[in-house]
Structure formats: structure tokens, C-alpha cells
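J.: First, the structure itself, so that you have it in front of you.
The values are calculated or read from the model by the stated rules, or taken from the named source; none is laboratory data. Model, not experiment: these values are computed from the prediction. In this analysis, Cβ positions are derived from the backbone assuming ideal geometry, glycine residues included, and neighbour counts consider all displayed protein chains. Accessible surface areas use protein heavy atoms only, side chains included; no ligands, DNA or RNA. Shrake-Rupley method; radii C 1.70, N 1.55, O 1.52, S 1.80 Å.
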Amino acid sequence: MSTGNGADSAPGHKSAPTAVPATMFSSLKIRNYRLFATGQVVSNTGTWMQRIAQDWLVLSLTGSASAVGITIALQFLPMLLFGLYGGVLADRLPKRPLLIGTQSAMGLTGLALAALTLAGHVQVWHVYLAAFLLGLVTVVDNPARQSFVSEMVGPDQLANAVSLNSANFQSARLVGPAVAGVLITAVGSGWAFLLNGLSFAAPIAGLMLMRAHELHRTEIQPRAKGQLREGLRYVAGRPELIWPIVLVGFIGTFGFNFPIWLSAFTSDVFHGDAGTYGLFNTLIAAGSLAGALLAARRGQSRLRVLVAAAVLFSVLEIATAFAPGLWLFALLLVPIGMFGLTVNVTANSSVQMATDPEMRGRVMALFMMVFTGGTPVGAPVVGWVTDTYGARVGMAAGGAVALLAAVTIGLVLSRVGNLRLRMDRHRGLALVPRHPHPARALVPAA
């Protein structure tokens, strides 16, 4: 399968194997991946329930969008501080037992928060602490889970499986916020936390039922000095890795602060309730699910798609910030979700396909560190701007930073790969070679 990023031009890069033709759901034919996907859709639904309940609980306790931003920052701060070490551990340890441990720990954090909330003793610092502990576990869970996908499906189905993982996450996002909105309104946030904690039994069972002999095992890296620096040098020397990672870092830090913006729009602009907040999240999820399924059907990951999707995502975010009415605002959330997910999936699968298996844990840790680890920097800033200048200015400012990054990195890629921007009536915005030898370009023309 082509990585769609001209990896052949990078020094020392090994070409990815040629993939068999993939259908939209082809990786689900693999039993181990079916078990994984089934468990994940259950726990992902619980995770989205907890996210909505957590944000609404903090807003209810404090009345501040900045407090929501602090909660998000604490959840992703460990990834910023320790994310690369999590990748080293993911490369050193067997991934299936490692994931059983991390999923169990994540379930326990949900149950602890449920107990405090249902008992009526919850305070905002309890939520802060739970978010931080969850972030610590995610430091190891995220790179292990990302790189374990290739062990379940092999290289031929990797891009399809990455897209279906995102579709799985977004389909749960359709259900989770809606259920959370009903639960919060009817019986309170505690029940959403409880169901999330219990939902982790599903992925743990799926991991335990897998057939170990059917896994495409990668070589476990022995403990050695300098493995973290080795991973950084590996990425720095490959433009097909470093520039997608830089772009998703800016998008994740400044463009994906939806808990802050949607809670502020709900309470301050449209004067809604938890049901309105859940609706907004559901509409973003619907667009994200469509984007993930289109990526799975496409089966290839190209940097021109990444740049174009990032530009469209940012422009739509700015436009949505100034939507005059609730229903227009809500409608525009659907394409925002679609293009935002396209950015994430395209970058994720491009980076994975261009990475050697023995380095994948460290590379994916760096990918997730810059995508989610930038949130501790971006969320408090965006929360302060939103509190000070209003929800519309806060959302527009985040979109403007993301747009500047997308355009700048698109121009950088065009210079590195000797490309030019062209508007095609069939393909839309595209990066195409300036010379007649597309094999030498960083990004293929088709």
C-alpha cells in the first residue's frame, strides 16, 4: 500500500509492502482485530459519556470555561511531560499484557470518580486529580494501543484498520454524548462515570480472548541507553514524518478545544443545557464518523489530503464561530468534524506506514504527544481568551492559528518536495510536482 507521502525519497526509508485491495471494512475479517474493535466501541462509548459528564460537572461546580480548560490540560499534561517515555515502554514490553494493565487502571479511575460523585462528596479538585491520573495511564496506553494495531492486522491492512479505529471512536461519540446528556439531566453525572468504569471490562475481555499465534509480532526492543534520543533522531531525519507531526501538533493544541468552546456556546451564547451540549458533540461526531469511513474507503494516506483538510477545517472553524443562530452553528459542526477527523486519520496512517516496526511505539508516542500533549498549553490559553473575550472570539482565534499553521506547512512541503499548489476541479486543492518525475517528489500527484 502506498503511503502517499513519497517516503521513497527519504534517506534510509524502507518501502511499505504492496497492499491487497481493501474494502471499507476489510480489516474486520481478522478475528483478533474484531475482538479489539468490539471491546473498544464499548469502552469508547463510556469514555465519551465520562468526557461530557466531566466537563459539565466542572462547569456546574465552578461556572468557568477556564476551569474546563484546566481539567483538559491536566488530563493531557502527562502526555506532554512523559509521552516519549511511554513510547519507549511500548517498544520494550509485550503490548497485549501491557494494554490489559492500562485498560484496567483506566476503568478504576472512572469507578473512583463515580463513587465520589454518587456519594455527594465530589469537589473540583477530585475531578482535576482523576483527569491527571487518567492522563498518566494514557502515556503508556496510547502508543501501545496505536502500535498494537499493526500486530493485529499486518502491514497490508494497517491504513484500513487505523481508519476503522477512528470510525469506531466516532461512532461511540455519537452514542456517548447523547446518553450522557440524558443521564446528567435525569440522575446526575455520577452514573455516567460508573458506566464508563464498567465499560472497560469489554476491551480487557477482548484482549484476553485473542489468539496470540495469529499476531504479527514485532521484535521487542531490549533495554538500552539512548532509545528516546534514537526515536527523535529517526523522526527528525524524515520529512514524511516530521511535518505531519508538526501540523497535527498545531491543530491539536489550538484547533481541537471543543469542550471549552461548546460548553461556552451552550451556556453563554445559546443559553442551553446539558442536552444542548450533548447535541453539539453528537453532531461533531457524526461528521467525524463520515470522515473516518471515507478514509477507510480511500485506503491511502496522502499529504496533499492532509494539508487540504487542515485548511478547510480551520476555515470552517472560523466561520462557525460567527454563526448567528443555534441551528446554523450546529449544522456547521458536521463538516468541522469530518475535516478534523480527516486530518487526524491521514496523519496517523501516513506516519505509521512510513515508520519501521521497531520504532513505531516511539514515533506514535511523539505523534500523540504533540497532538494531545499540546493541550496543556493551548487549553488554558484558549479558555482564558474565551472567558475574557467571549466564545466567538475564542473559537475564531483557535481556528486562525490552525489555519496559519496549515498554510505555512503546506508551503514548506511544497518546497521540500518541489511541489506547487493547484486547484483542480476534480480533486480540489492539491500539491502536484513541478517536474516530470513524480517518483522524486515528497507527495505524489495522484
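J.: What does the charge count around PHE169 come to, taking other residues whose C-beta lies under 12 Å from its C-beta (Lys +1, Arg +1, Asp -1, Glu -1)?
T.: On the way: positive: ARG51, ARG145, ARG173; negative: none.
Result for the neighbourhood of PHE169: +3.
J.: Using alpha carbons only, how many angstrom separate the centre of the stretch 319-349 from the centre of the stretch 68-123?
T.: Comparing the Cα centres of the stretch 319-349 and the stretch 68-123, I get a distance of 28 Å.
J.: So, one more: What's the extension gain from ALA236 to GLN123 if we count 0.36 nm per residue and subtract their Cα-Cα distance? Present the calculation step by step, with values, prior to reporting the outcome.
T.: Values: separation 113, 0.36 × 113 = 40.68 nm, distance 4.34 nm.
My answer for the length gained is 36.3 nm.
J.: Solvent-accessible area per residue for the stretch 22-66 at a 1.4 Å probe radius, Å²?
T.: Numbers: 1690 Å² over 45 residues.
In whole numbers, the stretch 22-66 has 38 Å² accessible per residue.
J.: Further question: Quick check: pseudo-label points 7 Å beyond the Cα along Cα→Cβ at PHE25 and ALA201, how many nm apart are they?
T.: 2.6
J.: Can I ask one more? What ranking do 121-134, 30-43, 71-84 get when scored by the average of other Cβ atoms within 10 Å per residue, highest first? All intermediate terms of the calculation are to be shown ahead of the outcome.
T.: On the way: 121-134: 17.5, 30-43: 20.0, 71-84: 23.2.
Highest mean packing first, the order is 71-84, 30-43, 121-134.
J.: Between LEU108 and VAL412, 0.36 nm times their residue separation minus their Cα-Cα distance comes to what? It would help to have the intermediate numbers written out before the result.
T.: Numbers: separation 304, 0.36 × 304 = 109.44 nm, distance 4.47 nm.
That works out to 105.0 nm of additional length.
J.: Quickly rank 100-109, 250-259 as a protection proxy: mean count of other C-beta atoms within 10 Å, highest first. Mind dumping the intermediate values first?
T.: Values: 100-109: 19.1, 250-259: 25.6.
Averaged packing, sorted descending, gives the order 250-259, 100-109.
J.: Here's something else I'd like to know. Which FRET efficiency value, to the nearest 0.05, is calculated for LEU294 and ILE100 with the Förster distance at 30 angstrom and r the Cβ-Cβ distance? It would help to have the intermediate numbers written out before the result.
T.: Details: r = 33 Å, r/R0 = 1.09.
Here the calculated transfer efficiency is 0.40.
J.: Right, here's the next one. Could you list the trypsin sites (Lys or Arg not before Pro) in the stretch 180-263 that lie in coil according to DSSP, counting only those with at most 11 other Cβ atoms within 10 Å of their Cβ?
T.: Working: sites: ARG211, ARG217, ARG223, LYS225, ARG229, ARG233; in loops: ARG211, ARG217, ARG223, LYS225.
Filter output for the stretch 180-263: ARG211, ARG223, LYS225.
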